[in-house]
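Q: Sending over a structure as structure tokens; questions will come in a sec.
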Amino acid sequence: TTGIQALDLVGRKLLRDRGRTLAELHRCVDQTLTRARARPRLVPLADALAQVWLELDEVVALLLHDRAPSTAMATPLLWAFGHAVVGWLWLDMALLCGGQSPFERGKLAAAHAFFSYELPRIGPWLQAVRGGDSLLALTTNDCFHP
């Protein structure tokens, strides 16, 4: 089902509406980034997330320009988007943690852990989307039949 969801993301959510739905999501993310940058201890998280969304924008622009290879690398793009959205949600939760209760400290620690260990996975996935299609071009249907 991951592949089907990935094809749906690329085909219906990105290409069909030429990125308009993504632009709406991006506005929500930008609002969170603005609020997070007003809190000094969240600035590094906001900067990291902003960079990820910049990279996503670049990849989507490439896909919108050249539709042909876009579906071949849909799954790593889905993974990247999923992690970017979860990063946004963690940053949004971190903004709600203004006190020092154990629960809030735990939420902040979890947000930092996600940004340290999960967010960095996005770069390699996007790199695969940017350049991985050439590997698929090396194979033809006869490669899979004896």
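The values are calculated or read from the model by the stated rules, or taken from the named source; none is laboratory data. Everything numeric here is computed off the predicted structure, so don't read it as measured data. For neighbour counting, all protein chains shown are included, and Cβ atoms are generated from backbone atoms with ideal geometry for every residue, glycine included.
Q: Counting residues that are at pLDDT 75 or above, more than 21 Å from the chain's Cα centre (by Cα) and surrounded by 10 or more Cβ atoms within 10 Å (Cβ to Cβ), which helices (runs of 4 or more DSSP H) fully inside the stretch 101-146 reach at least 3? First the steps, then the outcome.
A: On the way: elements: 102-117, 122-131, 133-137.
Where helices (runs of 4 or more DSSP H) fall fully within the stretch 101-146 and carry at least 3 residues being at pLDDT 75 or above, more than 21 Å from the chain's Cα centre (by Cα) and surrounded by 10 or more Cβ atoms within 10 Å (Cβ to Cβ), they are 102-117.
Q: Six or more apart or on different chains, Cβ under 8 Å: which pairs go from a residue in the stretch 80-92 that's over 11 Å from W125 (Cα atoms) to one that's in a helix (DSSP H, G or I) and aromatic (F, W, Y)? Could you list them?
A: A84/W53; V86/F114; G87/F114; G87/F115; W90/F114; W90/F115
Q: Do you know which residues across the stretch 5-46 are surrounded by 15 or more Cβ atoms within 10 Å (Cβ to Cβ) and on the phi > 0 side of the Ramachandran plot?
A: G19
Q: Being free of Cβ contacts under 8 Å to residues at least 60 places away in the same chain and under 22 Å from F115 (Cα atoms), is that true of even one residue in the stretch 8-19?
A: no
Q: Every residue in the stretch 26-72 that is within 12 Å of G11 (Cα to Cα) and either more than 17 Å from the chain's Cα centre (by Cα) or assigned to a loop (DSSP other than H, G, I, E, B) (or both), please. If you could, list the steps in order and put the result at the bottom.
A: Let us first name the residues in the stretch 26-72 that are within 12 Å of G11 (Cα to Cα), namely 60, 63-64, 67-72.
Across the stretch 26-72, the qualifying residues are R67, A68, P69, S70, T71, A72.
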